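Heads up, the thing below is written out as C-alpha cells.
Quick note: the coordinates plus some simple rules give every number you see, no bench work behind them. All values reported here derive from a predicted model rather than from experimental measurement. So basically every Cβ, Gly included, is an ideal-geometry build from the backbone, and we count neighbours across all protein chains shown.
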Amino acid sequence: MRAIILFLVLSIPALGFSQYSRKVGFEELRIDSTAIWLDSVLILGTGSSATRIFLNELTGLLNDKFKSSKVVSIYREFGKTDVETAAIIDSARKQGYDAILVFRPQGKSTMFTDAHYESMLSTVILNGGVRQAHSHSIYEQDFKVVLFSNKDTKKAVWSAALSVETGRSVSGAARKTANLIISSFEKNRYLQ
C-alpha cells in the first residue's frame with residue numbers, strides 16, 4: 001500500500017506538467033446567408049513541414065467528421081504559388097466537388113523550443129532537491145480558412161481566421177480545430 005501511495009505522489013505531479021497547453025483561436029470572418037448543402041468537399045492546404053503535419057492530422061479528423069455526415073471529402077496539398085493553386089482549384093472544379101475548403105497559412109510558421117526548470121516534490125525526493133531542466137517544442141501558425149462553392153471559386157461562402165499554438169503533439173489542437181469548423185458548418189446549415 002505504501003508503494004502505491006509513493007508511486008502516486010511521485011508520478012501524478014509529473015503528469016500535470018508533461019503536456020504543453022494547446023491554444024486555438026477561431027473567428028468566423030464571412031458567412032454567406034445562402035445556404036449550400038455539402039455533399040462533397042475537396043480540402044486544400046500548404047505550408048512548412050510542421051504546418052503540413054498539423055494539416056494532415058486536422059484533415060484526417062475533418063474527413064472522419066464529414067464521413068459521419070455522409071459528405072465525401074479528400075485532402076490535397078496545393079502549390080506554393082498562385083498559379084499552382086489556381087490550377088489545382090480549376091482541376092477540383094472539373095472533378096465535381098460541391099465545395100473547396102482551403103487552409104492558407106498567413107505569415108511564417110514558428111517552431112521553437114521552450115526550456116524551463118521545475119522543482120516539484122518528486123524532483124526533490126528523487127534528486128535530493130536538484131531542479132531539473134525541461135523543454136518542449138512549440139508550433140505556432142495563423143491560417144485563413146475559406147470555403148468556396150464549386151460554382152464560384154472567386155467568392156467565399158464562408159471564411160474564418162484560425163490561430164494555432166501547440167506542443168509537439170498536434171492532435172489536441174487539430175481535434176479542437178476540427179470540432180470548431182464542423183460546429184460552424186452545422187450552425188450555418190452547410191451540413192445536414
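Derived scalar couplings between HN and Hα for the stretch 101-107 equal 9, 10, 9, 10, x, 10, x Hz in order, rounded to whole Hz, by the Karplus curve 6.51 cos²θ - 1.76 cosθ + 1.60 (θ = phi - 60°), x for Gly and Pro. Shown in residue order for the stretch 59-73 are the 3J(HN,Hα) couplings computed by the Karplus curve 6.51 cos²θ - 1.76 cosθ + 1.60 at θ = phi - 60°: 5, x, 5, 4, 4, 4, 5, 5, 4, 5, 9, 6, 10, 7, 9 Hz (x for Gly and Pro). Between residue 72 and residue 48, the modelled labels are 3.6 nm apart [label points 7 Å from Cα along Cα→Cβ].
Model label points for residue 169 and residue 183, set 7 angstrom from Cα along the Cα-to-Cβ axis, are 2.1 nm apart.
Going down the table (67/187; 23/144; 151/187), which pairs top 20 Å between alpha carbons? Beyond 20 Å: 151/187.
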